[in-house]
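See below for the structure under consideration.
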Amino acid sequence: MAIKFHESTKEFHLYNEQISYIIRVLENGQLGHVYYGKHITDKEDFGYLIEYARRDMAPYPFEGNSTFSLEHLKQEYPTFGSGDTRYPAFELEREDGSRTVDFKYKKHEIFKGKKDIEGLPAVYVESEEEADTLEIVLEDKLIHTQILLSYTIFKDIPVITKHVRFSCEHSEGITLLNCMSGCLDLPDKEYEMVELAGTWSRERHPHTRELNYGVQSVYSMRGCSSHQFNPFLMLKRKNADEFSGEVLGFSLVYSGDFLAQVEVDNFDVTRVVLGIHPNEFRWELKQGESFQTPEMVMVYSENGMNGMSQVYHELYRTRLARGTWRDKERPILINNWEATYFDFNEEKILDIAKKAKDIGVELFVLDDGWFGKRNWDNCSLGDWYPNLEKLPNGITGLAKKIEEMGMKFGLWFEPEMTNKDSDLYREHPDWLLADTRRQYCHSRNQYVLDFSKKEVVDHIHAQMRAILKDAPVSYVKWDMNRAFSEVFSNGNGRSWQGKVRHKYILGVYDLYERLTGEFPEILFESCASGGARFDPGMLYYAPQAWTSDNTDAIDRIKIQYGTSYVYPISSIGSHVSAAPNHQVFRDTPLETRANVAFFGTFGYELDITKLPEDEIEKMQEQISFMKEHRKLIQQGVFTRLESPFEGNNSAWQVASEKKDEVLMAYFRLLEPAQGKFERIYLKGLEETAKYSVQECFGAHMDCGVHYGDELMYAGLSVSDCSAGIPMLAREQQGDYFSRLFYLKKVEE
Ligand code: GLA
């Protein structure tokens, strides 16, 4: 790994054994983009890759020179107007309304390691040897403003991170109207764009479209990263698939409004920008002030989409997630939400906890409904003290009783919200993030608190801290159940209003930082009406996230499959819930519900006190299984094998880094009449090693010993009456069927 600066050509080459990224200072002092992709050998001059071709009607900055126009040049951090009329990476306004800028290279610095970004989540290193960083300073002398472009390249992985800081020294100040975290100009448009899209209870389904002229984008203007789109996009070559071909991943470490946009110009140049959404963004910088963008993380893969995902998984699991829980196996929990909703008391909770403890569950999570006078969703958010009618011994008393049983205790909060029927709202009606002079929307009877105000964050912090200090709480589920609507920060002036959406997220991060700092032993799980804030920003504070309110196993195959494009298995909150399912009313076998939920943090969310004994026995088996295999599942290498979006089947596997253990899950959505024979082709095994193959659960069928190459190239037969696999029992067939196989390397 190295970052080279070639003085004679003013080229920067960031490279490791897998990738290269090349930047060059252009004749006009601005930064040109030369190359990003598979590693190429370093040399002094890649200038021939700058394409200057003369075209009619282009504006040229140098009089008499009609070859240099920004309209055609690939750039690092382009602006609008100076010849380039594509969408820019940033836009700012001076006091007199001028938006013309001219940022030229001023200086740079190259150093080992990577700096933290103050107040914002970011990928980090644990030793200086893990990465090198390049910081380039651009300056616009007329407006005394500097832009610092920061690039980090990692040692053994194909990753580059970027972020940008604006600093203003002009006495009149400037106003930022748009500032993306990074831009990438690519020399052609022969890509497909893949994004993760959905809605509540149908989050992160992958969608693919061919790039075309003009703009294609995904975004959120909802105040959170959203159910609808994820702050991520992928560009893949048309021949790339899960296992091979070139794929470029772009992910934004941010939890608020974002824009991820691809523009193709009429010369087939593709421009990717990623950053805070410019909608309602207007950030005034006074003299001496600066603005820092979030970080974007680019992954290059020549091993298809799985190749890209595996890099994100490893990076986000080990160098974005932090804290005590980062490397630990996650506790198997039971959550009371779908068991009781708001209707519970201490006795009911203790009954559920006791029964769960008996079969090996490790953590009881008390969900919504424990505070203020909350018996429905119309009151008490913001009043974070226990409802003593339901819980006469308070949270502390209940938590202690659960601890005495030998279980850990977890608690739900929704810190960023309030209801009108709450003490908080009655005392502080001006704390709503809404223009309260006109009609404004509720959502689920609740309103967003103005987290751009420090006093609001302080108030919520004090209440949460009091509970967490007093009660033995080991886990917090931090929910956020509505999107923004009429955003206005009451009592604050015009300048504040353009900052409020970003300041809100900074307030959320600040509260997370305070609480994770004060209670480092607590495991935080983020949540937003299910998966509306499943993003890298959250993972920095909470190493796991509630993936979706949809707990139906069949739907979850798709949701978890899509989520795995970017996010590690250790972050995927997954529970076995009741059948019929509460969201889609489907009746799926307990085995399949568990086989899906195993590939995540694993837990239960059902009324265990009402289940028949045979199901309780099966659950006990599932829990022991998860305890035995969760290290492999949560820290192994995850590979998608068959997409549930393409047919009736789906399969995935997780393998240990040493390739000596693999767990493979096969799902068959509907029972086909006279179905064809099915094989699953495993990946990443040692070709000449022998693996014993066992079907987990049920009959614990011994499926023989096979070589790695055989399992990868000839495949493992998973249909019910093929060679090597005995006929399946009748009750193991039918719709929503699944099988789980455990492979272990055996000695000769
Ligand atoms: C959200 C969460 C659920 C549950 C409810 C409680 O919808 O996603 O898991 O916590 O809120 O109100």
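The values are calculated or read from the model by the stated rules, or taken from the named source; none is laboratory data. Since the structure is predicted, the reported quantities are computational estimates derived from the model, not experimental observations. Quick reminder, even Gly has a Cβ in these numbers, built from the backbone with ideal geometry, and neighbours come from all protein chains shown. Heads up: the accessible areas ignore ligands, DNA and RNA and are worked out on the full protein's heavy atoms, side chains in. Shrake-Rupley method; radii C 1.70, N 1.55, O 1.52, S 1.80 Å.
Couple of notes before you dig in:
- Extension gain, residue 609 to residue 735: 0.36 nm times the residue separation minus the Cα-Cα distance gives 42.7 nm.
- Simple Cβ-charge dipole of the chain, Lys/Arg +1 and Asp/Glu -1, about Cα centre, in debye nearest 20: 640 debye
- Solvent-free Debye calculation, one equal scatterer per alpha-carbon of the stretch 234-367: log10 I(q)/I(0) at 0.20 Å⁻¹ equals -1.14.
- A simple packing score, the average count of other Cβ atoms within 10 Å per residue, orders the peptides 300-311, 684-695, 541-552 as 541-552, 300-311, 684-695, with the highest score first.
- Sorting the segments 217-227, 609-619, 707-717, 18-28 by their residues' average number of neighbouring beta-carbon atoms within 10 angstrom, most packed first, yields 217-227, 18-28, 707-717, 609-619.
- Comparing 211, 553, 536 along the charge dipole axis of the chain, the residue lying farthest to the positive side is 536, per the Cβ-charge model.
- Spatial separation of Cα centroids for the stretch 157-226 and the stretch 64-96, in angstrom: 19 Å
- Counting only alpha carbon atoms, the long axis of helix 394-404 and the longest principal axis of the chain meet at about 60°.
- Sites residue 155 and residue 462 - FRET efficiency at Förster radius 51 Å, r taken between beta-carbons, to 0.05: 0.75
- Against the chain, whose longest principal axis is taken from its Cα atoms, helix 553-563 shows a tilt of about 30°.
- Estimated vicinal HN-Hα couplings, Hz - the stretch 654-664 in sequence order (Karplus 6.51, -1.76, 1.60; Gly, Pro = x): 10, 10, 6, 4, 7, 6, 9, 9, 9, 10, 10
- Binned Cα-Cα distance frequencies in the stretch 1-97 - 10 Å width, integer %: 15, 40, 30, 13, 2
- Neighbourhood charge, 14 Å Cβ-Cβ cut-off, centred on residue 654 and excluding it, Lys, Arg +1 and Asp, Glu -1: +2
- Surface composition of the stretch 333-635: carbon and sulfur make up 48 percent of the accessible area, probe 1.4 Å.
- Förster-model FRET efficiency, 30 Å R0, residue 485 and residue 426, C-beta, rounded to 0.05: 0.90
- Too-long pairs where the Cα-Cα distance tops 32 Å, listed order kept, from 10/499; 107/453; 10/112; 189/658; 420/469: 10/499; 107/453; 189/658
- Between the Cα long axis of helix 454-470 and the first principal axis of the chain there is an angle of about 30°, rounded to the nearest 10.
- For the chain, the alpha carbon positions stretch 87, 69, 45 Å along the principal axes, listed from largest to smallest.
- Remark: the Cα gyration tensor places the stretch 3-319 in the rounded category, a/c being less than 1.5.
- Size-normalised alpha-carbon gyration radius of the stretch 333-635, reference 2.2 N^0.38 Å: 1.00
- Structural descriptor for the stretch 333-635: relative contact order 18 percent, calculated from alpha carbon pairs under 8 angstrom and at least 6 residues apart.
- Based on alpha carbons, the Rg and Dmax found for the stretch 467-623 are 18.6, 64 Å.
- Peptides 526-535, 113-122, ordered by how many other C-beta atoms sit within 10 Å of their residues on average, highest first, read 526-535, 113-122.
- Rounded, prolate or oblate (a/c below 1.5 giving rounded, otherwise prolate when a/b exceeds b/c) for the stretch 576-654 by Cα gyration tensor: oblate
- Theoretical FRET efficiency, 1/(1+(r/R0)^6), r = Cβ-Cβ of residue 648 and residue 348, R0 60 Å, to 0.05: 0.90
- For residue 581, the residues whose amide H sits under 5 Å from its own are 586, 587, 588, ignoring neighbours fewer than 5 places away on the same chain, with H placed 1.01 Å from N.
- Computed from point charges on the beta carbon alone (+1 for Lys and Arg, -1 for Asp and Glu), the dipole magnitude for the stretch 346-435 about its Cα centre is near 460 Debye.
- Accessible area of the stretch 200-288 belonging to carbon and sulfur atoms, whole % at 1.4 Å probe: 45 percent
- Accessible area per residue for the chain, computed on protein heavy atoms with a 1.4 Å probe, is 37 Å².
- The residue among 464, 66, 108 whose Cα reaches farthest toward the positive pole of the charge dipole of the chain, with charges on the beta-carbon of Lys, Arg, Asp and Glu, is 464.
- Electrostatic dipole magnitude of the stretch 333-635 [Cβ: Lys, Arg +1; Asp, Glu -1; Cα centre; debye, to 20]: 920 debye
- A crude spin-label estimate for the pair residue 454 and residue 96, with each label 7 Å from Cα along the Cβ direction, gives 3.6 nm.
- Of the residues 287, 233, 652, the one whose Cα sits farthest toward the positive end of the charge dipole of the chain, with +1 on the Cβ of Lys and Arg and -1 on the Cβ of Asp and Glu, is 287.
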